[in-house]
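Have a look at the structure below, then the notes.
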Amino acid sequence: MANVYISSTFQDLQEARRQVSQTIRRMKHTDVAMEYYGAEDVRPLDKCLADVAACDLYVCIVAGRYGFVPGDGEVSITELEYLKAVELGKPRLLFLLSEDARWPMSRLELNAEAMGRLAAFRTRLQHDRIADEFLDELDLSKKVGEAIYRWEREQGGTRGVADWEAYRRAMFDAHRWVRLAVIAGAKQDRSFAEIPLTDVFVPQPVQGGSPEYEVTCPQDEPGEPPEETEADEAAEMSLGAATGASGAPVEQIQDVLARERRQVFLGAPGSGKSTLLLDAVLRLCDTGRGPDQLPANLRHAPLPFLVELRQYVLDPATNFVDYIAANVGRRYGVRVDAEDVRAVLDERDRVVVMFDGLDEVFDPRTQTEVIEEFRQFSRTYGGCRVVVTSRIAGYSALELERDDFRHYTVLGFGMPEVREFVPKWYTYYTWQGDERDAQGLTRRISESPRLLELAGNPLLLTMMAVIYKHHDLPEKRMQLYKRCTEVLLEDWEVKRKKIARDESLPLGFPMVAEQKAELLQQVSMYMLEHQRAGSELNAIAREPLLTIIAAYLQSEYHKSPGEARAVASEILDHLRERTYVIAEVGEQRFGFVHRTFMEYYAALHCKAEFNRREADYDWLTRELFGAHWRKSEWREVLLLLIAMLKEQESPVRKVIEHVRGEEVSGLPLQLTFAARCLAEVGTNDDAWSRQFVHDLVESVRAAARQSESHAVTAFLDDALGSFSVLASTVTVRKTTRKIIDDLEGAKPLRGRMIAFQLQLALRSKEERREFALASLKDPAEPVRRGAIAALEREWPGREDVAAPLADVLRSDRISRVRMSALQALDRSWPESTVVLDALETRARVETAYTVIIEMAQYLARRWSGNRRALELVLRLSGAGLRGRNPREDGEAVQDALADALLEGWRHREDCRTILRGHETGAEFMRPAGVALVALARGWPGDAENRQWVYRRLSDEHVTGWPYITDSLVRNIVAALVRDVEAKSWVLWKCEDVTVPAYLRRLTMAALRSQYGDEEIVEWLEGRIEVEPDAGLRFEAMLVWQAVHPHTKGRKSLLAERAIHDDEAAIRYLAMMLFLEVAERGEQQRVAQLMVSRKKNISIRQRLFGLISECDAPWVRPLLVKKFTGEETVVRMGILRHLVAPRGQRIPPTPEFLWAEPWRSLWLFDWTYDFDAEDIMLRRVEELYRRRATGRASEDYPDWVPDFLVYVATQDPSGIVRSLAANGLAAVGERSNRAWEMLNDLRTEEAEVVRQKRDDYDPPEGYL
């Protein structure tokens, strides 16, 4: 750790100095800066020069001001500091503001004399050594970090610590702008605007589970009123209890992302799966953001790794770790190796790994291999969080579900998201003099159900925003793609600068949009037809791409091969740089800016080929549709193609009939694909169409009767979506309606939900509204939720719809239904007072955890500052809760309510007074706890406030009942330690003997969340050495090992505690940690000292167990030497540890001791007796079990069987000899040598074991 002095002026460089200081601290150095002794340009010269003399590295930053000149002199303090550094030969890093930088005039020197001195100073710096230049604060911070890293290497080789902060900055720079360059229009007098992704990103709604239509509910019989048992209500109230998409609440992605350690997000093409990952990456890499600006579950700012799976399968790296290490260097320019990556992956909660595009691994065998790699990766690095994205089509959740991957479906945008996105987008994407605005586009979408459906896809909504600036919006998907590709192929330079087309692409021959489109059609078909197994579909290498372009030029323009080849590169650059259709997706690899465009151009090519063949229907039906409709990569192409054929008035029924007649086994997938084709092109109300719809409904009824599966769900998705389109144009037969009515009365709830969707599609818009309103009282829960969704989708904002939805919120008995109603009202009726009225009624009786949280967040978001809403949140904090996991759910409620209080009302002057009054008047734990947590989080820097909060924790009137929980103290301490002064105060409270002992221990245990905080680490080390209370000393060591990133550097502390501490549990814990990090010689010396001390039997058993873990030559002689002198029970314990696989040697601790260890110890009142010691030992054992990585049989050292033979023949105890013989049998299950040694044994115990060898069963207490 070095002292780095920062020399610069102050007033003009405050933000720059802050970022540089932050960079220095993150690199584990000490920043020495004027901020620590007065934030003024006028500062004590002697102090400044003394600090320069004492520093290890001098950093000088010069921008547009010369700075303060002390006394009657002519040299500024900044230059005097520099001269002092030169005089003393200090290592110097110099940074000058670039002449190309955009620097505010207010930060520039205006005095002519000062300007001259500044120019002379800059010249002196440039002559001293090569000075680096910077453009802005971010650029300066990055370059300072890189320069310090180089200096470190010069001082003594590589630091051995990867520069992950440089990686964050590089990753932010690489991804900060929206990827599709075509959509960066000109803003005012600027060139193409750069659109910051995080500024225009709108979080998508998501729903737990894979897409499906039903959810298992308490009601089974049709027509019966919903009877909700206590167990059913508890199940639905437990967070995450629902597994199906329709059964889970709709949530925002920022609230869900990384909530579980293993997640998969599924979505349709263009639903924004990749964008949501990029938004999270940018927020985590933006050093200017505080914790409150990060996604809720990533506020500890983990390091993000983004793995694009389409690139991974093409990379020579053999595993994810090697690929990440190579990609960090190759793409982001930060040198790390695989060991650096493994090191951060091993640290708990240090990393979130995002795997994007599992669907883009097309080869089934390769995809299976990648899924298996996910499973292995998540098992090996259990401390990091893993997020995977994939398209829905073709995805199977079974493999990853077995490894606890939680699945979510990314839902489409509704009008609330559209209203939020469009103004954000048009802030950056606007043309000088244009008249079309965000309000016009939003109104156009809201007036058209078809456009609203298309706008639900974020990619299509973005296209619509681009197109609307120049044209009105078409309502067919294919027409929208057509209009968008016309915009894509528009030459922006021609449009914006009004230059001639031959100036834009000077080829000597015309090549306009039509020719470019023809060329792109050939490229897309090459991708489709030449895709290699396991490779990315939307990707092509540069060489074959140039070959396609050259062949096109030869064919269409009759160019010679040499001339065509010479021009091909120029055309490729034009397509990539001017039209933005083609993008470079990897080294010498290209692709369309989105796969949707590749599919569209492939469909265009197929249409052109059909026309060239003069309407060859045999080719179209057999070789195109017949050969490819089952392939997922062709599905979108064929749907777009049939819409194109319909547009040119080609008979399409022949194609649909052919697909419908295909033979398949199982579900009639050919029928649903034919229905998708028919829905794409529309149909007449004739007998053929009516029969088709009838057959489609018949297939839906048959599928509804089948058991649930992903295949059935996908089938119903296609069938119901197609029916909703066809029903608006086709008269449905009576026999068809009879089938739908039968479904409504079906016993499985899935049938009722399907019937509701079918009946809704059969009605006119006004009839649909009345039907949906009536369905709000349907006995089936899924139907009620479906009705809510329909009402919001088609009639958002209408007050005559808001009131019935508010009634559902007020009185429905199922919490999932209440949740759906509240979320719909929040999105589409954000300021309706009927919602507040309903909540006031419901707050008195609400018991569902998820609904309470949603209510509080809604009130804070929509009614911020409103006193009535504040009272409702406080009332919610006292609601009586029931659920399957009261501890987990109670903590979630406490956190959410405290955050809601601060989000909505912290700005009120009387907020603290209201919260304190609520806390002191509360009769139960959670209401008071919510207020305390809110007070601690909201005002951590206020000394009087934190003293009041902590005093409330130790007041006598609350110590007689279970008021103080580990979660409450953890939340309060975590809030306080964010403030520097409050952190010191918290540490002092841990030492204050006047504070109740249990509270001191709870406070210390709460520091566990402060991973890597050097101040806390040093404080804990001091407490370990001087704390007289054994329980507190033990707690300090447990917390220390959890927050210390490098325990290897503190071996001396561990050895000293292992040998000399008076408390057995501390010796045991210290020995366990020491053996993990010490060298073999160090292990041997400490182990010999440990076992030479005569302590109680329990601790000796455990110590010998730890020693037997060490695979070193000294272990066997030590065990042999000490074994015979130990008591029988100790010898048995040694054998048990020696033989069992690692991680199974310690019996698991009862879960409650680990889940709430602090409460368990408190309930024992921390009396220092056997019970307290036993609990501490069990906690160490549980820590050991969790840290154990598993050991294969080949890891057994060769001496283990020899030692077992020695014991089996020499030990005086028959029980021990029998245990050793059984141990040989256990090892022999995987080792021929051990079996042979067992066969050679001639003892009574060995004979017994041999007789039972065929069905070996170890004795009780052995493994």
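The values are calculated or read from the model by the stated rules, or taken from the named source; none is laboratory data. The model shown is predicted, which means the values in this text are computed figures rather than measured ones. Cβ: placed from backbone, ideal geometry, glycine included. Neighbour counts: every protein chain shown.
I'd like to check something: does segment 752-764 contain any residue that is out of contact with any Asp or Glu (no Cβ under 8 Å at 6 or more places or on another chain), among the hydroxyl-bearing types (Ser, Thr, Tyr), on the phi < 0 side of the Ramachandran plot and in a helix (DSSP H, G or I)?
The answer is no; no qualifying residue exists.
If residue 251 satisfies all but one of (1) modelled with pLDDT under 85; (2) within 24 Å of residue 420 (Cβ to Cβ); (3) in contact with a Phe, Trp or Tyr (Cβ under 9 Å, 6 or more places away or on another chain); (4) part of a loop (DSSP other than H, G, I, E, B), what's the number of the condition it fails?
The failed condition is (4).
Out of segment 847-874, which residues are surrounded by 21 or more Cβ atoms within 10 Å (Cβ to Cβ) and charged (D, E, K, R)?
854
If you go through segment 705-719, how many residues are within 24 Å of residue 632 (Cα to Cα) and either charged (D, E, K, R) or surrounded by 17 or more Cβ atoms within 10 Å (Cβ to Cβ) (or both)?
So the count comes out to 9.
Filter segment 1216-1232 down to the residues that are modelled with pLDDT under 70 and either over 48 Å from the mean Cα position of the chain (by Cα) or part of a helix (DSSP H, G or I) (or both), then identify the one that is nearest to residue 1136 (Cα to Cα).
Taking segment 1216-1232 as the starting set, the residues that turn out to be modelled with pLDDT under 70 are 1228-1232.
Then keep just the ones that are either over 48 Å from the mean Cα position of the chain (by Cα) or part of a helix (DSSP H, G or I) (or both); that gives 1228, 1232.
On the way: 1228: 15, 1232: 21 Å.
For segment 1216-1232, the residue satisfying everything is 1228.
For the structure I just gave you, tell me whether residue 359 is modelled with pLDDT under 80, touching a strand residue (DSSP E or B) at 6+ places or on another chain (Cβ under 7 Å) and more than 20 Å from residue 308 (Cα to Cα). Break it down stepwise before answering.
On the way: modelled with pLDDT under 80: yes; touching a strand residue (DSSP E or B) at 6+ places or on another chain (Cβ under 7 Å): yes; more than 20 Å from residue 308 (Cα to Cα): no.
No: the conditions fail for residue 359.
Quick one: which strands (runs of 3 or more DSSP E) lie wholly within segment 300-392 and hold at least 2 residues that are among the hydroxyl-bearing types (Ser, Thr, Tyr) and under 25 Å from residue 253 (Cβ atoms)? Let's see the steps before the verdict.
Numbers: elements: 303-308, 351-356, 385-391.
Ranges flagged: 385-391.
In segment 81-91, is there at least one residue being in a loop (DSSP other than H, G, I, E, B), closer than 17 Å to residue 17 by Cα and in contact (Cβ under 8 Å) with a residue 24 or more places away in the chain?
No, every residue in segment 81-91 fails to be in a loop (DSSP other than H, G, I, E, B), closer than 17 Å to residue 17 by Cα and in contact (Cβ under 8 Å) with a residue 24 or more places away in the chain.
Looking at this structure, is residue 1035 under 19 Å from residue 1004 (Cα atoms) and of a type outside the set (A, V, I, L, M, F, W, C)?
yes
Could you identify the single residue in 929, 904, 865 that is modelled with pLDDT of 75 or more and touching a Ser or Thr at 6+ places or on another chain (Cβ under 6 Å)?
Details: 929 fails: touching a Ser or Thr at 6+ places or on another chain (Cβ under 6 Å); 865 fails: touching a Ser or Thr at 6+ places or on another chain (Cβ under 6 Å).
Answer to the selection: 904.
I'd like the full set of residues that are farther than 30 Å from residue 155 by Cβ and touching a Lys or Arg at 6+ places or on another chain (Cβ under 6 Å), limited to segment 64-115.
Of everything in segment 64-115, those that are farther than 30 Å from residue 155 by Cβ and touching a Lys or Arg at 6+ places or on another chain (Cβ under 6 Å) turn out to be 64, 66, 109.
Could you check how many residues of segment 765-781 are in a loop (DSSP other than H, G, I, E, B), farther than 23 Å from residue 799 by Cα and under 37 Å from the mean Cα position of the chain (by Cα)? Lay out the reasoning, then the answer.
First pass over segment 765-781, keeping only residues in a loop (DSSP other than H, G, I, E, B): 776-780.
Narrowing the set further to residues that are farther than 23 Å from residue 799 by Cα leaves 779-780.
If we keep only those that are under 37 Å from the mean Cα position of the chain (by Cα) as well, we get 780.
Result for segment 765-781: 1.
Quick check on my filter: what residues within segment 263-273 are farther than 26 Å from residue 402 by Cβ and small (Gly, Ala, Ser)? Give the steps one after another, and end with the answer.
Taking segment 263-273 and keeping what is farther than 26 Å from residue 402 by Cβ, we get 269-270, 272.
The answer is 270, 272.
Tell me the residue from 643, 674, 627 that is surrounded by 21 or more Cβ atoms within 10 Å (Cβ to Cβ), without any contact (Cβ under 8 Å) to a residue 24 or more places away in the chain and part of a helix (DSSP H, G or I), please.
Values: 643 fails: without any contact (Cβ under 8 Å) to a residue 24 or more places away in the chain; 627 fails: surrounded by 21 or more Cβ atoms within 10 Å (Cβ to Cβ).
That would be 674, the only listed residue that is surrounded by 21 or more Cβ atoms within 10 Å (Cβ to Cβ), without any contact (Cβ under 8 Å) to a residue 24 or more places away in the chain and part of a helix (DSSP H, G or I).
Please identify the pairs in which a residue from segment 653-666 that is over 15 Å from residue 619 (Cα atoms) has its Cβ atom under 7 Å from the Cβ atom of a residue that is surrounded by 13 or more Cβ atoms within 10 Å (Cβ to Cβ), counting only partners at least 6 apart or on another chain.
Short answer, once both residue conditions are applied: 660/670; 660/671; 660/674; 662/626; 662/670; 664/670.
Among (1) among the charged types (D, E, K, R); (2) at pLDDT below 80; (3) part of a helix (DSSP H, G or I); (4) under 41 Å from the mean Cα position of the chain (by Cα), where does residue 1121 come up short?
Single failed check for residue 1121: (4).
Which one of 783, 730, 700 is closer than 28 Å to residue 826 by Cα, β-branched (Val, Ile, Thr), buried (at least 20 other Cβ atoms within 10 Å of the Cβ) and touching a helix residue (DSSP H, G or I) at 6+ places or on another chain (Cβ under 6 Å)? Spell out the reasoning first.
Working: 730 fails: closer than 28 Å to residue 826 by Cα; 700 fails: closer than 28 Å to residue 826 by Cα.
Selected residue: 783, the only one of 783, 730, 700 that is closer than 28 Å to residue 826 by Cα, β-branched (Val, Ile, Thr), buried (at least 20 other Cβ atoms within 10 Å of the Cβ) and touching a helix residue (DSSP H, G or I) at 6+ places or on another chain (Cβ under 6 Å).
Taking segment 1031-1052 as the search range and keeping residues that are at pLDDT below 85 and touching an Asp or Glu at 6+ places or on another chain (Cβ under 8 Å), which one is farthest from residue 1015 (Cα to Cα)?
1051
Please specify each residue of segment 994-1010 satisfying the condition of being within 17 Å of residue 952 (Cα to Cα) and free of Cβ contacts under 8 Å to residues at least 40 places away in the same chain.
994, 1000, 1003
Among what's in segment 362-387 and is over 18 Å from residue 309 (Cα atoms) and without any contact (Cβ under 8 Å) to a residue 60 or more places away in the chain, pick the residue that is surrounded by the fewest Cβ atoms within 10 Å (Cβ to Cβ). Don't jump to the end; show me each part of the working.
Step one: list which residues in segment 362-387 are over 18 Å from residue 309 (Cα atoms), which gives 379-384.
In the following step, the residues that additionally are without any contact (Cβ under 8 Å) to a residue 60 or more places away in the chain were identified as 379-381, 383.
On the way: 379: 11, 380: 15, 381: 22, 383: 13.
That would be 379.
Can you go through 810, 816 and tell me which one is in a helix (DSSP H, G or I), under 16 Å from residue 782 (Cα atoms) and touching a residue at least 24 places away in the same chain (Cβ under 8 Å)? Working first, answer last.
Numbers: 810 fails: under 16 Å from residue 782 (Cα atoms).
The unique qualifying residue is 816.
Is it the case that residue 112 is surrounded by 11 or more Cβ atoms within 10 Å (Cβ to Cβ) and among the aliphatic types (A, V, I, L, M)?
The answer is no for residue 112.
Kindly indicate which of 292, 322, 279 is among the charged types (D, E, K, R), at pLDDT below 85 and not assigned by TED's automatic domain parsing to the domain that holds residue 139.
292
Is segment 687-705 home to any residue that is under 28 Å from residue 400 (Cβ atoms) and of a type in the set (Lys, Arg)? So that I can check it myself, show each step before the final result.
Residues of segment 687-705 that are under 28 Å from residue 400 (Cβ atoms), as a first pass: 703-704.
If we keep only those that are of a type in the set (Lys, Arg) too, we end up with none.
The answer is no, given that none of the residues of segment 687-705 is under 28 Å from residue 400 (Cβ atoms) and of a type in the set (Lys, Arg).
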